[in-house]
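Undergrad: Take this structure, written in structure tokens, and hold onto it; I'll ask about it next.
The values are calculated or read from the model by the stated rules, or taken from the named source; none is laboratory data. Worth saying up front: this structure is predicted, and the values here are computed from it rather than measured. No Cβ is skipped: glycine too gets one built from the backbone with ideal geometry, and neighbour counts run over all protein chains shown.
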Amino acid sequence: MTAQISETIVYQNKVRALMSCPLDALFSLGHMQNPFSHASFGLIRGYIGHWEIHHDRLYLTGIYNETDFSTNNLHKLFEGYDERVFAHWYSGTLRMPEGKLLEYLHLGFGSQYERDVVLKVKRGRITGKTVKDNKPCKMQRFLDI
């Protein structure tokens with residue numbers, strides 16, 4: 001698999017890359033099918049989701065297909081919802097990389113950055129947060145020389 005284009009998320013009033021695809025959980029639960037087909041290997045899911053965390057809740061605020069990044073398709077999946085949808089279907093983790101790119105991997109969301117902010121989500125509600133430091137320790141750098 002090729003490296004994938006990330007989703008986006010507004011967290012703590014900052015737009016960040018999101019290396020998770022919460023909408024895929026809804027598709028895999030069988031409640032609806034992914035209506036987006038892919039035309040490039042860098043976006044095999046066929047769409048980019050835009051998300052936000054508001055009062056410790058995860059919301060989907062936009063869905064853009066790879067052929068038209070200017071049109072929000074949220075209402076096509078969620079009739080009657082034009083601005084945002086509470087992601088009650090999602091339980092799992094959200095990974096938001098921070099800092100410099102340490103290692104590029106040409107595979108999904110495998111590239112490593114200096115830090116990962118990881119939010120734990122249960123039924124759309126944020127239940128925990130950890131920050132993972134991905135920089136190699138000084139001893140490891142010494143051993144790699």
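Undergrad: I want to confirm something. Restricting to the stretch 18-48 and keeping residues that are among the aliphatic types (A, V, I, L, M) and surrounded by fewer than 16 Cβ atoms within 10 Å (Cβ to Cβ), which single residue is modelled with the highest pLDDT?
TA: Out of the qualifying residues, it is 29.
Undergrad: Any idea which of 111, 91 is under 15 Å from residue 17 (Cβ atoms), among the small types (Gly, Ala, Ser) and at pLDDT 75 or above?
TA: Sole residue among the options that is under 15 Å from residue 17 (Cβ atoms), among the small types (Gly, Ala, Ser) and at pLDDT 75 or above: 111.
Undergrad: Collect the residues in the stretch 64-94 that are more than 12 Å from the chain's Cα centre (by Cα), within 13 Å of residue 26 (Cβ to Cβ) and assigned to a strand (DSSP E or B), keeping them in residue-number order.
TA: 85, 86
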